[in-house]
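The values are calculated or read from the model by the stated rules, or taken from the named source; none is laboratory data. Given the structure is predicted, the values throughout are model-derived calculations rather than measurements. Don't worry about glycine lacking a Cβ; one is built from the backbone with ideal geometry, like all the others, and counts go over all protein chains shown.
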Amino acid sequence: MAKVIFEKATRIYPGTQTPAVSSLDLEIEDGEFMVLVGPSGSGKTTALRMLAGLEAVDEGRIFIGDRDVTDVQPKDRDIAMVFQNYALYPHMTVAENIGFHLKIKKRPKAEIRQRVLEAARLLDLEPYLDRKPARLSGGQRQRVAMGRAIVRQPQVFLMDEPLSNLDAKLRVATRTQIASLQRRLGVTTVYVTHDQVEAMTMGDRVAVLRDGILQQCDTPRVLFDRPINVFVAGFMGSPQMNLIETSVSDGGVQFAGRTIPLTPTQRAALTSEGVTLGVRPEGWDIVSPNEGVPAIVEIVEELGSDSYAYVTPEYDPNRTIIVRPNSAQATPHKGDHIGLVPRPSAIHLFDTATGVRLPD
Amino acid sequence: MMRRILRPVVVAAGDRTPSSGAAVLAPPAPIRVALRPRRSLRSRRARLLLHCAVSLIMVVWIVPTIGLLVSSFRPSSELSRSGWWTALAPPFHFTMSNYENVLSQQGMGRAFVNSLFIAIPATVIPLFVAAFAAYAFSWMEFPGRDLLFVVVVGLLVVPLQTTLIPILKIFADWGLTGKFLAVWLAHTGYGLPFAVYLLRNFIGSLPRSVFESAFIDGASHVTAFFRLAVPMSVPAFAALAIFQFLFVWNDLLVALIYIGLSNSQNLPMTAAIANLVNSLGGGWYLLSAAAFLSMALPLVVFFALQRYFVRGIVGGAVKG
């Protein structure tokens, strides 16, 4: 168990100009569950592979505990990794797969058996110990890959989208299993995913990456409530935040005939007249058409516990705003004319030119 | 055999479509049901065509072999009078005398042992060397790796015959001519480019993450080679072993050049069979029996290893 520190770590793939990971500064606390999230090509997997030693670090340093591991071989870093495709050894049984590391380290046979059995018990794999991976289901293979990591009792767990090959139902179940297992073992974990729901539900803290650059690293709550820029605002949360580009004039942000006032600090932080207004689906109040922004309901998605209305405002028929009516309000129907009012506490303001959040 | 291997794959592919799609996308299901008969009809027709082609090729290849087998049991007097297919109709006149004759020939038993003694090391040595090389070309980073690989594969175009005289000269200088070691070395050299090429392609296409996982688990290259690359490449080794064994077993030229008629006690069966005609003149009717004897062992080898041709063992390594 140890702290992990990325210090200006950069990776430039040979033959490319732009870095895949660009001077990444990240401190992961001892025992923390850190999730790296971002769209494909954001460098999250590259960052993980740099930590694993599978990818060279072109600039900067990486520390595990107090040790500088920048130039240390993967096998000497005392880490365990779970791969997206599990990377099981096909010719070995489940027990041999889990015990591979211990066997290489030439531990006594009795100890290997004991530790493999413990790991298998933890993951409900005991009945399958003598099977080969080809005869396991996807979920079982995933658990074998987890077992192979757990049995090592490493300083750091690295997980590269371990759930992306499971079906939706199993993914949700395994998500909580992994999170609770990590809490129980208390091992520092770096978890890569492109799924912001996974990131929000599993991580103690979440680091959002885009084009190799760290955007924001904070607790899921803060990422959701105070996204640092338009990208994070749009990426975290599902369905995503409504981002509406508008402009500033006489004292406030103009939105569909209304004025949202700006504080002097917000005004000072603005680099131009363009402001992006961000309101999450649950941040709207539905009122009668003549009170709020008039709009027509196009589609209603009924999910049982929630429902989402896709509405087209009258001022711009090409735009769609996603609205989640709160439980106190009646769910609108397709074709209804409604009025929308953003709740003041739910409004996020960003500078359109830079994408940066305006100070509160 | 082919059918049995193919069927589970087809079933698995069919299973996947409904299971992944049905839960999320209910609407397309009826469309798929409607399409199914037509698609299966088309695939059945394609399969029929495939079976016909395979059967035709098989017949073309197997008829001469059957002819050889039948001829080897016919008396010499009938052999020269009528075609082998006439023997298939009664009255039957089969005899073992050809085989008795061949087996009683001087040196035939010894030649058989010589052939084994040449073919086994000449198969094992290049396989070992090629496996190491293939692993290095696949999973070890070193400068000039790709260039070196291209050079090795480029050696495939060098005709074996152009090397005979220079290598014979070298072997003569080293005092190797007439010895088994000369033939082992020669066959190793001739077999390596293809062996390296085939094994590199196989080992290089094993899932990268399996090796990365092993390196993180603490494996060195030596461990990764023996515990991962070798066991996962068994089908490729088996295929290559059969090729190389058959090539060496059927080889006459290399053995004749590097061992030479003057060291006839070391010559393999191919040379002994060739001598059969020379020494007996009209004894050509013995050829069919001798040829069939020399085919027997390769057939055994092939049937022993043929399951590795069709069955891969990589299943289950990555997702699936």
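Looking at B:Gly189, B:Gly175, just one residue is more than 11 Å from chain A (Cβ to nearest Cβ) and modelled with pLDDT under 90, and that residue is B:Gly175.
Hey, among the residues in the range A:286-320 that are surrounded by 12 or more Cβ atoms within 10 Å (Cβ to Cβ) and polar (S, T, N, Q), which one's farthest from the chain's Cα centre (by Cα)? Top of the filtered list is A:Thr312. A single member of B:Pro90, B:Pro64 is free of Cβ contacts under 8 Å to residues at least 12 places away in the same chain and in a loop (DSSP other than H, G, I, E, B), and it is B:Pro90. Taking (1) in contact with a His (Cβ under 8 Å, 6 or more places away or on another chain); (2) crowded, with 24+ Cβ neighbours inside 10 Å in turn, A:Leu158 satisfies each apart from (1). Among the residues here, B:Ala195 qualifies as in contact (Cβ under 8 Å) with a residue 40 or more places away in the chain, away from every other protein chain (no Cβ under 14 Å) and either of a type in the set (Gly, Ala, Ser) or not in a loop (DSSP other than H, G, I, E, B) (or both). Within the range B:198-213, the residues that satisfy the criterion of being within 7 Å of another protein chain (Cβ to nearest Cβ) and either closer than 21 Å to B:Arg145 by Cβ or assigned to a loop (DSSP other than H, G, I, E, B) (or both) are B:Pro207, B:Ser209, B:Val210, B:Glu212. Residues of the range B:255-269 that are surrounded by fewer than 23 Cβ atoms within 10 Å (Cβ to Cβ) and part of a helix (DSSP H, G or I): B:Leu256, B:Ile257, B:Leu261, B:Ser262, B:Asn263, B:Ser264, B:Gln265, B:Asn266.
From the list B:Ser138, B:Ser104, B:Ser80, the one residue that fits, being among the hydroxyl-bearing types (Ser, Thr, Tyr) and surrounded by 13 or more Cβ atoms within 10 Å (Cβ to Cβ), is B:Ser138.
The residues on offer are B:Ala182, B:Ala229, B:Ala219, B:Ala236, and the sole one that is modelled with pLDDT under 95, surrounded by 15 or more Cβ atoms within 10 Å (Cβ to Cβ), within 14 Å of another protein chain (Cβ to nearest Cβ) and farther than 23 Å from A:Gln73 by Cα is B:Ala236.
When each of B:Leu156, B:Leu164, B:Leu176, B:Leu168 is tested for being over 28 Å from B:Phe211 (Cα atoms), buried (at least 19 other Cβ atoms within 10 Å of the Cβ) and not aromatic (Phe, Trp, Tyr), the lone residue that passes is B:Leu176. Scanning the range A:121-165 for residues that are free of Cβ contacts under 8 Å to residues at least 60 places away in the same chain and under 17 Å from the mean Cα position of the chain (by Cα) yields a single hit, A:Leu163.
Here's the yes/no breakdown for (1) closer than 30 Å to A:Val57 by Cβ; (2) away from every other protein chain (no Cβ under 11 Å):
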{"site": "A:Met81", "(1), (2)": "yes, no"}
{"site": "A:Asn85", "(1), (2)": "yes, no"}
{"site": "A:Tyr89", "(1), (2)": "yes, no"}
{"site": "A:Glu96", "(1), (2)": "no, no"}
{"site": "A:Arg115", "(1), (2)": "no, yes"}
{"site": "A:Leu122", "(1), (2)": "no, yes"}
{"site": "A:Pro133", "(1), (2)": "no, no"}
{"site": "A:Gln142", "(1), (2)": "yes, no"}
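On the basis of being in contact (Cβ under 8 Å) with a residue 24 or more places away in the chain and not in a strand (DSSP E or B), does A:Glu245 make the cut? No: the conditions fail for A:Glu245.
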